[in-house]
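What follows is a single structure, written as C-alpha cells, with notes after it.
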Amino acid sequence: MVTLSDGRPRRPARPRLSAGRPSRGHRVFQAVNGLILTGVVAVTLYPFVNIVARSFSAEDRIRAGQVNLLPEGFNLTTYKIVLKDGMFWRNYGNTVLYTVVATAIAMVLTTCYAYVLAKPHLKGRGALVGVAVFTMFFSGGLIPNYVLITGLGMKNTLWAMVIPNAISVFNLLVMKAFFESLPTELEEAAQIDGLSTYGILLRIVLPLSKAVIATMVLFYSVSFWNSWFGAFLYLDRAEEMPVTVYLRNLIAGATGGENAGADLEQLTQVAANIQSVTIVLTALPILLVYPFVQRYFVSGVTLGAVKG
C-alpha cells in the first residue's frame, strides 16, 4: 500500500471520465428516453393524421375501414360544400373577431390582477386570492349565468362572448407565480428613478415577461377559438355565430349540404367524413399559430409554475 509522508495510506485515485464522451449509463438513458418519447409522439400524432386522411377520403373507403394514415379514394366533396357556403366564412370571421377581442381583454385583466396579487404587502391580498380560487370550484350555475347575461343586456352582443370567461384562474395563478419570481430590486430601482406603478409594469415587468405572456395568449386563444357553448346560449342569429357552432350544426344536420344545394351522393359523402373535416378546419388556425409561440411555451409554463 502506498503511504503519504505522514504515514497515512494514500487513497487510490478515482477514474476520470472523459469530458467529451458520456458514460455508458448516460447513453443507455438517452436511447431509452428517445424510444419512449418517439412512442409518445407516434401515439399522439396517429389519431390526428388518421383524421386528416379521412377528411380527404371517399365515403365507401371510410365506411369499409380502409383509411389509415393516407387518404383512400381522394375526395374533396365535403370541403367544397363547406367552403363555398357564405355563412361558413361569415361565422369564421366572427370566430376571429371573438378570439382576438376576448384574448386581448383576458390578457389585460389577468395581467393586472396577477401583478396585484404578486405584491406581498398588499392589504386584503389573501381575500383577493381566495375570491379567485373559490371560482375554480364553485360557480353560479347555467341558469343564473344566463339570467345575469340577459339582465345586463349583453345577449346577442359581442360582450356575451368575451366577458363571462375573461379570467382563467389557472392562468392567473401561473402569472402570479411568475411575477413573484422577478427580483424585487428591479422595481425598487425603478421607483427610485421616478417610475409610477403603471410605468414599472409597462416598462420593466412586461418586457421581462414575454415568455409567460406568449404562453397565456396561446392558452386563451385556443380556449376562445374552440368555445361554442356560450354562443349556443347567448346568440340567436346565425350570422353572429362562431364557426364552431356552424360546424356543430353541420354535424347535427341542421345546416349544410341541403343549404348548399348538394345531391344525395354529396350528402352521403358529407355524412361519412364531416367530423374529420370539422376537426381539420377548426384546428388548422391554431396549428399555424403555435409554431410562432412554441419557443416561449415551455419556459413560460415552468417559470410561472415554480417560484425561486
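The values are calculated or read from the model by the stated rules, or taken from the named source; none is laboratory data. If you're wondering where the values come from, they're calculated on a predicted model, not measured in any experiment. Virtual Cβ from ideal backbone geometry, glycine too; neighbours counted across all protein chains shown.
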(request) Could you please tell me which pairs satisfy a Cβ distance under 8 Å, a separation of 6+ or placement on different chains, a first residue in the stretch 231-252 that is touching a residue at least 60 places away in the same chain (Cβ under 8 Å) and outside any helix (DSSP H, G or I), and a second residue that is of a type in the set (S, T, N, Q) and surrounded by fewer than 19 Cβ atoms within 10 Å (Cβ to Cβ)? (result) L235/N156; D236/N156; R237/N156
(request) Please identify the pairs in which a residue from the stretch 174-186 that is in the same structural domain as G199 (by TED's automatic domain parsing) and closer than 16 Å to R203 by Cβ has its Cβ atom under 9 Å from the Cβ atom of a residue that is aromatic (F, W, Y) and assigned to a helix (DSSP H, G or I), counting only partners at least 6 apart or on another chain. (result) F179/Y115
(request) Filter the stretch 161-184 down to the residues that are assigned to a helix (DSSP H, G or I) and among the aliphatic types (A, V, I, L, M), then identify the one that is surrounded by the most Cβ atoms within 10 Å (Cβ to Cβ). (result) M175
(request) With the condition kept exactly as written, say whether any residue in the stretch 185-205 is in a helix (DSSP H, G or I), touching a Lys or Arg at 6+ places or on another chain (Cβ under 9 Å), modelled with pLDDT under 85 and surrounded by 13 or more Cβ atoms within 10 Å (Cβ to Cβ). (result) yes
(request) Quick one: which residue in Y115, Y98 is within 30 Å of L235 (Cβ to Cβ), in a helix (DSSP H, G or I) and of a type in the set (S, T, Y)? (result) Y98
(request) Show the residue pairs that are 6+ apart or on different chains and have beta-carbon atoms under 6 Å apart, the first residue being within the stretch 268-289 and among the hydroxyl-bearing types (S, T, Y), the second being in a helix (DSSP H, G or I) and modelled with pLDDT of 75 or more. (result) T268/E59; S276/I51; S276/R54; S276/S55; T278/L247
(request) Return yes or no: is L208 surrounded by 17 or more Cβ atoms within 10 Å (Cβ to Cβ) and in a helix (DSSP H, G or I)? (result) no
(message) Please go through the stretch 57-79 and give me each residue that is in contact with an Asp or Glu (Cβ under 9 Å, 6 or more places away or on another chain), hydrophobic (A, V, I, L, M, F, W, C) and surrounded by 13 or more Cβ atoms within 10 Å (Cβ to Cβ), ordered by number.
(response) A58, I62
(request) Would you point out which residue out of V293, V289, V270, V298 is at pLDDT below 80, in a helix (DSSP H, G or I) and surrounded by fewer than 12 Cβ atoms within 10 Å (Cβ to Cβ)? (result) V298
(request) Report, by residue number, each residue of the stretch 172-225 that is among the hydroxyl-bearing types (S, T, Y), over 22 Å from V133 (Cβ atoms) and touching a helix residue (DSSP H, G or I) at 6+ places or on another chain (Cβ under 6 Å). (result) S221
(request) Scan G151, G140 and give me the residue that is surrounded by fewer than 17 Cβ atoms within 10 Å (Cβ to Cβ), in contact with a Leu (Cβ under 9 Å, 6 or more places away or on another chain) and among the small types (G, A, S). (result) G140
(request) At least 2 residues that are more than 26 Å from the chain's Cα centre (by Cα) and in contact (Cβ under 8 Å) with a residue 40 or more places away in the chain in each: list the helices (runs of 4 or more DSSP H) lying fully within the stretch 16-83 that qualify. (result) 59-63, 77-83
